[in-house]
Amino acid sequence: MFETDPAPRLFAVPPGVDFPRALIDGLLARLDGAPPEALARVVLIVNTRRMARRLRMLFDAGPARLLPRLCDVTDPEAVFGATGLPPARPSLQRRLELAQLIARLLEAQPDLAAQSSRFDLADSLAALMDEMQGEGVRAEAIRALDVSDLSGHWDRVQAFFDIAERFTGAGADSPDPAARQRQVVETLVDRWRDDPPAHPVILAGSTGSRGTTQLLMQAVARLPQGAVVLPGFDFEMPDEVWDGMGDALLAEDHPQYRFRALTAALGMAPRDIRRWHDAAPPSAERNRLVSLALRPAPVTDAWLSEGPRLDGIGAATAGLTLLEAPSPRTEALAIAARLREAAETGRRAALITPDRMLTRQVAAALDRWRIEPDDSAGLPLQLSPPGRFLRQVADLFRQRLTADRLLALLKHPLCHSGAGRGDHLRHTRDLELHLRRKGVPYPDTASLRSFAAKYPDAVLAAWIDWLDRCLCGLADDGIHPLADWTARLCSVAEAVAGGSAGDGSGGLWDRNAGQAARAVLDDLGAAAGHGGDMRAGDFADLLGNLLAGGEVRDRDAPHPDIMIWGTMEARVMGADLLILGGLNEGSWPEAPPPDPWLNRAMRHRAGLLLPERRIGLSAHDFEQAVAAPEVWLTRAKRSEDAETVPSRWLNRLTNLLDGLPDAGGRAALAAMRERGAIWLRHADRLDAAPRIAAAPRPSPRPPVAARPRRLSVTEIKTLIRDPYAIYARHVLKLTPLDPLTDAPDARLRGIVVHDVLDRFVRATLDDPALLSRETFLQLCHDGLEQNVPWAATRRLWLARLERIAGAFVRDETGRQAIARPTGFETDGRLELSAPAFTLTGRADRIDRDDRGALWIYDYKTGQVPSEKQQVQFDKQLLLCALIAEDGGYDGFAPAHVAGASFVGLSGKGAIRHAPLDEEPVAGIRADFTRLIARYLDPEQGYTSRRMLFSDKDRGSYDHLARFGEWDRAVDATPEDLT
């Protein structure tokens, strides 16, 4: 295929050319006239499996011919034969072993890092080891670094590096994957030096950014019939620019730097690289423009001299659209609209971006037109249904089962995915209502049995047995071997997925996602012997990290011409339209990950890769993609919380164009932006909606027969302040859904404190000596421990009670000196005859004095109403006095009420008395009767938020009243209902 030449053979394809197609065309052109079997003797070493698939697809398109042998650059043994090296140690095994050693180190030196970080440190250390082995850097090179100015940090790093050195220096029988891969390449290089293959060997598509890959490229380029074909090589860049890129510290982030490093290693110059095929790029003018825009920073002054000489700027930018959206959502909508048009016109289009949030937003926007893009990245395994399910099950081992986590698991589509799924969902719904109604924070065997006892049903009983057996009592704070945790996870997950009928594992391991999750657990089980002992929380974190490392594609029928690609896929896939999205700093290029071990200068001196290598690769991907026939460049000017910075490459391109007004650059840039603005206007119209008039302030007037004839004393305040809430609750029969779990709110605080006070006062009746601050606080502590599961909340509430404890005990002593507590949580009622109405109420406490008079107390953990508020709005105590004097309380005959008071239990513990002197019982009855009669008048409406204390007050039915579309300045609109 090639003429005999001792010089290495380097070929290249310019940016914008379809690399796989050009590779095949150049190969066939060189074998023109050769016998058919000549192609079968060719070995093609490609950079990725995606490249191999694309090449096979192009060959499959015909005509029929013998095909070359293909192999991945990471597995040359597939075509060149075994090297006799032992198999590599599994990566998971090494990770677990590293974590074990790091855990022991942290136990001995806890100041180095937290134990919870051992898996992250193991991953980071493993990455450093892979890099050292891949770049051929020995531990001695790291040890020899001059760290005189970093002695403190270096001392800490050395402790971890000792562990890395043990791994890189030992294990000849089971080398690490990176070490074995380099050993394979070195073995092949040695073999080829004495016995080079006679058949053609072509390595194509790689930039040589890794040391092992570049070593193989050098060896292939020197073979008698070997060649390297480089992608996206800039043939237009002047020699002086190439010569200025010798220093990696200055030029590593340039898209062409890797080619300069390769030619230098081969003793060549970039001008010695030849074209592999004569295929012309879509726009040579654009390639020259982008090449100038991306010049290395030290020679950017070439813009001044070469910029005005650029010709064809209009032609270079004719296929470019610049879309600068005000927000990520608008950017996603505009991209989706353009992809939709491409689908309708039959064009092949692809969104290219490393920003996964943007791709999800675009996919969601496309869903409105039922367009399913072919996403090459798929879905992270941890976010797939099996991944979420397994993580939820693993969390059951970590902490006590709560109602919300129980229901989240029961509602998962894989839970009970065997037989009887319908019954399972019905029982889950009923159980949720039961848990909400009863406020069960920690479902257990007893609470589940109490639920089942209300519904005697054999199917429900079996379902409850399954819940009890599979989910209750799984929390374990012990330390167990990793193998035990893994086996336990599989057992519980399969039992929960199979369901109460015991139908295997249900659909847990079905489809691609289930099979991928099963493979992760199989690998974990195989390597578990190297993981040592750990707690449930560590196991759950390890499982989450392992699942996060996988991806799965479970698409049913993606659109054949609408794709979402990462930057690597864009190197090998062809499309009519490329949309380069998310062109902001931090997204494209992505920020280099932090390195806890070596700084930039130390890496350079040791011969390791610089952080800018990733930026240089991203720049090369950008340079190739922007050379396509039609390209969109998109970004959002603002993220969710801050202004964004344009990608450095986009910034360079726009600055260069804006600085060339005489050459047409400024006009070309304006045209690019205008083309983008058209689609931004389309995106705005997608969300446009007709203006809807604001809802009026409601004041419904239901029929008198439908109006409530029974209210509690606390609801009278609501009737006065927010009548609409009474209408919603008692006429519409709408009740706010109880919270799934108790929250540390005012309602719970009131329940707990009322219970504590009730027990305290009862205890002092039997033993007056207990009427002390110490007893009060001890009961408070016990009550909070029993009913408040939040440690911080317990401490906060106890501190509040400590502040009022002395005042409460002193006041309680005075109260008991006046009268003896007789009734606790006593129910009462008052019947009106004209109009017919029932008032109900419960008194927290009723005392009786020696003369038979009653004293009524109500405990308030919130704000205590003033006397004026009690006269006008909060009539609770006044109505309780009316019930008491009418003889409405159970166990109490009609008696005079000598006093009624709110006992404040917050702040300073204020005592507020009811104004019984100003509001005699007879007057209270008359006012109450008028109020009820008014709301039984057909002309009276239940106005929303009629007389609330503050505009900041929120009611349970404000959303039903459409509050927010109106305010208190708007007059109510009566509406007669039938």
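Points worth noting:
- Label of the coordinate-derived value, Rg and Dmax of the Cα atoms in Å, listed as (i) 28.2, 84; (ii) 39.6, 146; (iii) 38.3, 125: (iii)
- Applying the criteria of a DSSP loop state and at most 10 other Cβ atoms within 10 Å to the trypsin sites (Lys or Arg not before Pro) of the range 915-978 yields Lys952.
- Multiplying the residue separation of Glu341 and Glu37 by 0.36 nm and removing their Cα-Cα distance gives an extension gain of 104.9 nm.
- Eligible aspartates and glutamates near Lys637 by straight Cα distance, threshold 20 Å, same-chain separation 8 or greater: Glu324, Glu331, Asp355, Glu585, Glu590, Asp658, Glu674, Asp684, Asp687
- Over all other residues within a Cβ to Cβ distance under 12 Å of Leu936, the charged ones net out to +3, with Lys and Arg as +1 and Asp and Glu as -1.
- Modelled spin labels at Glu494 and Glu3, positioned 7 Å past Cα toward Cβ, are 6.7 nm from each other.
- Remark: the range 390-515 carries a charge dipole of roughly 440 debye about the Cα centre, counting +1 on each Lys and Arg Cβ and -1 on each Asp and Glu Cβ.
- For the range 700-935, convex hull volume per residue from C-alpha positions, Å³: 132 Å³
- Measuring between their Cα centroids, the range 474-517 and the range 439-453 lie 24 Å from each other.
- With 26 Å as the limit on Cα-Cα distance, the pairs of Lys717/Lys952; Lys438/Lys875; Lys875/Lys952; Lys438/Lys733 that go past it are Lys438/Lys875.
- Nearest-ten-degree value, helix 791-818 long axis tilted from longest Cα axis of the chain: 10 degrees
- Candidate lysines for bridging to Lys908, where Cα separation is under 21 Å - those fewer than 8 sequence places away on the same chain excluded: Lys860, Lys868
- Partner aspartates and glutamates for Lys411 [C-alpha distance under 17 Å; skip if fewer than 8 residues away on the same chain]: Asp395, Asp423, Asp430, Glu432, Asp468, Glu494
- Placing unit charges on the Cβ atoms only, positive for Lys and Arg and negative for Asp and Glu, gives the chain a dipole magnitude near 1740 debye about its Cα centre.
- In the chain, the longest principal axis of the Cα atoms and the axis of helix 458-471 are about 60 degrees apart.
- DSSP-loop trypsin sites (Lys or Arg not before Pro) across the range 786-858, with at most 12 other Cβ within 10 angstrom: Arg851
- Between the range 24-69 and the range 607-671, the alpha-carbon center distance in angstrom: 35 Å
- Per residue, the chain reaches -14500 deg cm²/dmol at 222 nm when only DSSP H runs of four or more residues are counted, each adding -39500 (n - 2.57).
- Charged neighbours of Pro589, selected by a Cβ distance under 14 Å, balance to -3 (K, R count +1; D, E count -1).
- Along the axis of the charge dipole computed for the range 700-935 (Cβ charges of +1 for Lys and Arg, -1 for Asp and Glu, origin at the Cα centre), the listed residues Leu734, Leu784, Phe824 are led at the positive end by Leu734.
Every number in this text was worked out from the coordinates using simple rules, so none of it is lab data. Owing to the predicted nature of the structure, the values given are computational and were not obtained by experimental measurement. Don't worry about glycine lacking a Cβ; one is built from the backbone with ideal geometry, like all the others, and counts go over all protein chains shown.
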